[in-house]
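Down below is the structure, laid out as structure tokens.
The values are calculated or read from the model by the stated rules, or taken from the named source; none is laboratory data. Quantities reported herein were computed from a predicted structural model and do not represent experimental measurements. Cβ atoms come from the backbone with ideal geometry, glycine included; neighbour counts cover every protein chain shown.
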Amino acid sequence: MANVWSSGVTFHENELQLSGMPAHKLARDFGTPTFFIDEVDFRERALAWGEALNESFGDRAGHVYYAGKAFVCVEVAKWIAECGIGLDVCTGGELAVAIAANFPASKIQVHGNNKSVAEITKAIEIGVGTIVVDSLVEISRVAEAARKHGKVQAILLRLTPGIEAHTHESIATAHEDVKFGFSIASGAAWTAVLAARSHPEIELRGFHGHIGSQILSMDAFAVSADRLIELMGKFRDEFGAQLPELDLGGGYGISYLPEDEPLLPQDVLPYLANAVKTSCATYGLDIPRISIEPGRAIVGPAMFTLYEVGTTKNVVLESGANRNYISIDGGMSDNIRPALYGAEYITVLANRTSSAPLIASRVVGKHCETGDIIIRDIQLPADIAPGDLLAVPATGAYGRSMASNYNHVPRPPVVALLHGKARVILRRETEADLLGLDV
Ligand code: LLP
């Protein structure tokens, strides 16, 4: 059984504690709902991915780029810089966070399937290390912006190797019929290679592939790497020189439920190193510099959400059975993943222990939608009552970053815990913030 909590979470004195701070104090000091991030755990994971890449690839190690889309704010971007790893941004907004954090530009990699001229120009202006190009239109945009700035911009081409990773349909990104990248099978990838080479303002450094997210088995990564490396072989055969870089993307799965066995850096990187070595031997290539882009695997397990129970209601089902509906003070606006992907979570009573019998329960939000469910089916103590606190683990990735203001609910804050001290790193939105947009 995997641990779904960050390393700083303990259960003692009848309460959930983070970094020694009990849940009732966290709720009293910061309100609910709130995302609590375990800074020690976050940094340990970021460092572990960096170290595993270096250990497995030695002088062929490129960068670990933390995928900011999972969750980023200025403070977290600073932690990432301090951990010595890079940052993947995919919009002007994420780039603005990196700039505000003084993130070293050479370690920023820019993604996105529709980067505007303004976004590309900004990226080139500040000197980002790499732009991962996603369309032919973009190749011209990058060349034009680089020319205006008198620069040569390093790029990777995002390729779709035609892998259907074992994950939810809507978060698998490398089928052929997707908006991302250039398909290898159709020849689009080769057309992009030729287009990139036609611009002196562009330095084509290699290929990029990302095959999906929350992937819990490693085999798809090896197949993807092999297809990308095969094309690198074709490039070498055609042009006599080898492309120096390969980025294998992110997607490493975490434990949302105790039965989910996560993909850990100490297992993933040796596996990738072996796969890359084998493919390079097959196509007669030197091992390129390898980069990866984990997002969820760094921030996901490092956060939990703390909610307060507002109401409970017994609903009698058609079968005659009962279900306890427990309404919490957040919902689909701070965690859209169950509604959007059918994602599953667990929760625990965080402010006390209970010896009441466990009963069939459903944890629901406060939004005006039947589908506003955080946990569809779970056994929870029958005496859970208004004022109790529920903690939901592993909400760090794509929780706050995908939060909305649906029903004019202000988005929750993020509070960081380090060595027994708590501080707000992203404040709670207020009704004034929301009304501030009305003209
Ligand atoms: N690199 C690229 C090019 C990506 O598109 C993504 C995620 C990542 C890296 C990071 O993937 P990760 O290691 O975090 O799995 N909202 C969905 C996930 C969408 C992932 C989008 N791309 C969810 O909540 O499951």
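For Thr395, all conditions in the list (1) of a type in the set (Ser, Thr, Tyr); (2) without any contact (Cβ under 8 Å) to a residue 12 or more places away in the chain; (3) within 16 Å of the ligand (Cβ to nearest atom) hold save one; what is the number of the exception?
(2)
Taking the condition buried (at least 21 other Cβ atoms within 10 Å of the Cβ), of a type in the set (A, V, I, L, M, F, W, C), touching a residue at least 24 places away in the same chain (Cβ under 8 Å) and more than 15 Å from Lys313 (Cα to Cα), does Leu340 pass?
On the way: buried (at least 21 other Cβ atoms within 10 Å of the Cβ): no; of a type in the set (A, V, I, L, M, F, W, C): yes; touching a residue at least 24 places away in the same chain (Cβ under 8 Å): yes; more than 15 Å from Lys313 (Cα to Cα): yes.
So Leu340 does not fit the description; no.
Tell me the residue from Leu269, Leu257, Leu246 that is within 16 Å of the ligand (Cβ to nearest atom), assigned by TED's automatic domain parsing to the domain that holds Val132, more than 17 Å from the chain's Cα centre (by Cα) and assigned to a helix (DSSP H, G or I), please.
On the way: Leu257 fails: assigned to a helix (DSSP H, G or I); Leu246 fails: assigned to a helix (DSSP H, G or I).
Going through Leu269, Leu257, Leu246 in turn, just one is within 16 Å of the ligand (Cβ to nearest atom), assigned by TED's automatic domain parsing to the domain that holds Val132, more than 17 Å from the chain's Cα centre (by Cα) and assigned to a helix (DSSP H, G or I): Leu269.
Is there any pair with a first residue in segment 189-212 that is under 27 Å from Gly253 (Cβ atoms) and modelled with pLDDT of 95 or more and a second that is basic (Lys, Arg) and within 16 Å of the ligand (Cβ to nearest atom) whose Cβ atoms are under 6 Å apart and which are 6 or more apart or on different chains, and what are they?
Going by the 6 Å Cβ cut-off, the qualifying pairs are His208/Arg158.
List the residue pairs whose Cβ atoms are under 8 Å apart, where the first residue sits in segment 290-317 and is on the phi > 0 side of the Ramachandran plot, the second is more than 13 Å from the ligand (Cβ to nearest atom) and not in a strand (DSSP E or B), and the two are 6 or more positions apart or on different chains.
none
Does Gly93 count as within 16 Å of the ligand (Cβ to nearest atom), over 14 Å from the mean Cα position of the chain (by Cα) and closer than 24 Å to Arg423 by Cα? Quick ask: steps written out before the conclusion?
Details: within 16 Å of the ligand (Cβ to nearest atom): yes; over 14 Å from the mean Cα position of the chain (by Cα): yes; closer than 24 Å to Arg423 by Cα: yes.
So Gly93 passes the test.
Identify the single condition in (1) closer than 30 Å to Glu261 by Cβ; (2) within 16 Å of the ligand (Cβ to nearest atom); (3) touching a strand residue (DSSP E or B) at 6+ places or on another chain (Cβ under 7 Å) that Leu18 does not satisfy, given that it satisfies every other one.
Failing condition for Leu18: (2).
Of all residues in segment 12-21 being assigned to a strand (DSSP E or B) and free of Cβ contacts under 8 Å to residues at least 40 places away in the same chain, which is nearest to Glu39 (Cα to Cα)?
Filtering segment 12-21 down to residues assigned to a strand (DSSP E or B) leaves 12, 15-18, 21.
Checking which are free of Cβ contacts under 8 Å to residues at least 40 places away in the same chain leaves us with 12, 17.
On the way: His12: 20, Gln17: 14 Å.
Among residues in segment 12-21 that are assigned to a strand (DSSP E or B) and free of Cβ contacts under 8 Å to residues at least 40 places away in the same chain, the one nearest to Glu39 (Cα to Cα) is Gln17.
Considering each of Phe57, Phe35, Phe71 in turn, give the residue that is hydrophobic (A, V, I, L, M, F, W, C) and assigned to a strand (DSSP E or B).
On the way: Phe57 fails: assigned to a strand (DSSP E or B); Phe71 fails: assigned to a strand (DSSP E or B).
Every option except Phe35 fails the conditions.
Would you please list the contacts, defined by Cβ atoms under 9 Å and residues six or more apart or on different chains, that run from a residue in segment 242-253 that is without any contact (Cβ under 8 Å) to a residue 24 or more places away in the chain to a residue that is within 9 Å of the ligand (Cβ to nearest atom) and outside any strand (DSSP E or B)?
none
Sort through Ser355, Ser361, Ser401 and tell me the only one that's hydroxyl-bearing (Ser, Thr, Tyr) and within 16 Å of the ligand (Cβ to nearest atom). Break it down stepwise before answering.
Numbers: Ser355 fails: within 16 Å of the ligand (Cβ to nearest atom); Ser361 fails: within 16 Å of the ligand (Cβ to nearest atom).
The match here is Ser401.
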